[in-house]
1. Enter the accessible area of TRP473 (Å², nearest 10), with the probe set to 1.4 Å and all protein chains included.
2. Using a ≥ b ≥ c from the Cα gyration tensor of the stretch 146-281 (square roots of the eigenvalues), is it rounded, prolate or oblate, where a/c under 1.5 gives rounded and otherwise the larger of a/b and b/c decides, a/b for prolate?
3. Take each of the peptides 491-499, 331-339, average the number of other beta-carbon atoms within 10 Å over its residues, and list them starting from the highest.
4. Which value, in debye to the nearest 20, describes the size of the charge dipole of the stretch 429-566 about its Cα centre when Lys and Arg Cβ atoms bear +1, Asp and Glu Cβ atoms bear -1, and nothing else is charged?
5. Just to be sure I understand: of the beta bridges DSSP finds with both ends in the stretch 47-184, what percent are antiparallel, rounded to 5?
6. Which order, highest average first, do 117-123, 69-75 follow once you tally other Cβ atoms within 10 Å for each residue and take the mean per peptide?
7. Cα gyration tensor of the stretch 235-286, axes a ≥ b ≥ c as square roots of the eigenvalues: rounded (a/c below 1.5), prolate (a/b > b/c) or oblate?
8. Peptides 436-445, 178-187: what's the order by average Cβ count within 10 Å, highest mean first?
Amino acid sequence: MGLALLGALALARPGAAKLTEVWFESAIDHFDMSSTATFKQRCLVDASHTLKQHVAGRVSPVFFYTGNEGAIEEFAENTGLLDELAPRFGALVVFCEHRYYGKSLPFGPGTSGSFARDKIGKLSVEQALADYAMLLPRIKAKFGLSDSSPTIAFGGSYGGMLSAWMRLRYLALVDGAIAASAPMKFAVGSPATPGFYEAVSLDLQGADPACPERVRLAFSQLLALARPDDASGEADASRKVLAHRLRLCDDELSRGQVQHLLAWARNAFVVLGMCDYPYPASFLAPLPAWPIEAACRLMKQDPAEHDALGGLPDSQRGQSAQTLGSGQSGWTHLDGLAAVTALVYNASAKPPSLAAHVRATSFARSARSARLRSKKEKDLNEAETYLNEAGGQWKPPVQHCFSLADEYVECADQTGCGLGDTARAWDYQVCTEISLLVSTDNVTDPFPPYKWGASELATYCQKTWGVTPRPGWAQVSFGGTASDPARGLRSGGSNIVFSNGLLDPWHGGGFLENVSESMPAVILKRGAHHLDLRYSDARDPPGAVQARAREAEMIEQWLQQASKRAEEEVKRDDGATTKMKKAGERRQA
């Protein structure tokens, strides 16, 4: 299989490391021995730290990021731990793209290519792991490393699940794994504790004890205007008011779109919770520091500062205020919800993934709505400050309306799938192996009740892909059960760190206690989605600093173990050679 090195892509990262784009030919089906079909698979490689160590005669390890559901550069740009540890260990840093994501598309883009029903079946966890296992020896050879060079797998979220499974499945290839924010329990049908949206509610409550109730009231007011069960002309007019209040580009909101609208608004809180970092960041959206706190401030904004009804015709202003029971100012919790959604969705491009979509703007913190016009100069200064803090380079015009269809895709994963081909790929994976049963109940969370159980998922997947989820397959493939999700790991696993931040909505699906002595749980009390994998920052909470130190300590142990095994193998080989030589001499005598 061929390999091409392209110098066109060199990603600049905070650590000044340069990643070079490398392409491989990978088998489309690793398990069909009669097939020779291949596709081009992309990796990003930084070899700048390996040469000095190699010259000095030391063995350089491979730090291998198991790419997950998105273009690989999105994860490379937001994963600094490998970059920071590479000089210390003389490591070759590699980020490899997951098949069917980014540019690694076996049959090309779109529904007539890789995402046609008769083509998407080659997308599976097992095929992706086999890709990585087959890539590793070729990467080592390409960059002058020996076959015995140890490998440490890294991954966050689904990528964290993959890194843990790589260690479990390919013990001879992977010496250890850092599995950050990996919701392993979901894969084997084990309930999350706390549940996903319950964890979002806890985040809101931690920022402001009254915040969850304000969010609950906002969604109640949304439904009061949406009137999803009413087909009358009066209800149509009410929905038009709602569309204006939420600044939707299409003010003709139909009854059939109400559930999509609810999911779109709810998803804003998913993004805020996952990206609740202590500094401005742009992983899933260009957000301010501690965005959950920022959202809760918006939900309780002084009514005198809100003019969200400004611009509405008098008839609609009166109707809206009467329907929602607002005070004289006309401000309601719905206007707070409108500001929160604008905080997340204030973007104007239509690229193929959510991360790229929201990265198209940098003014999400300020200039969120028309109510800020009276303080335009102040807010633009604030936006400029935010840009400087975040290292942003974008200055597009502020988006003044939002398109449901372009900003949120309804799919099998009720926490969001992204957009475009990324959404199609993840939708299929959730419909097959990664069953995510996430509902809302308006009791443990502030969102309208919405049941998404096994039957709802199965119905959706049959209609969309013609497949039925197989939640039991992961139990067979990787071990673990609904009642004992770590069973397979205890039986055959070792050298895996499971890290989870308690601000991350996914943490309830992760391992929050040690699986074994060699598979510890590392907890970040003030950490959001795989914060420990991100670049170090002076604003990091102590838990993030401690987590990275613990992970570095474990990596050092694993590399020492690998070095010791290599020395023992050399001694065994030398001993066997000596015995064979002596036996030959005896025969000659």
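The values are calculated or read from the model by the stated rules, or taken from the named source; none is laboratory data. It should be emphasised that the depicted structure is a prediction, and the values quoted were computed from it without experimental measurement. Note: ideal-geometry Cβ built from the backbone for every residue, glycine included; neighbour counts use all protein chains shown. Heavy atoms of the whole protein, side chains included, go into the accessibility calculation; ligands, DNA and RNA do not. Shrake-Rupley method; radii C 1.70, N 1.55, O 1.52, S 1.80 Å.
1. Result for TRP473: roughly 90 Å² accessible.
2. prolate
3. Most protected by this proxy first, the peptides run 331-339, 491-499.
4. Here the stretch 429-566 has a charge dipole of around 240 debye.
5. For the stretch 47-184, the DSSP antiparallel bridge percentage is about 5.
6. 69-75, 117-123
7. prolate
8. Going by the mean number of other Cβ atoms within 10 Å, highest first, we get 178-187, 436-445.
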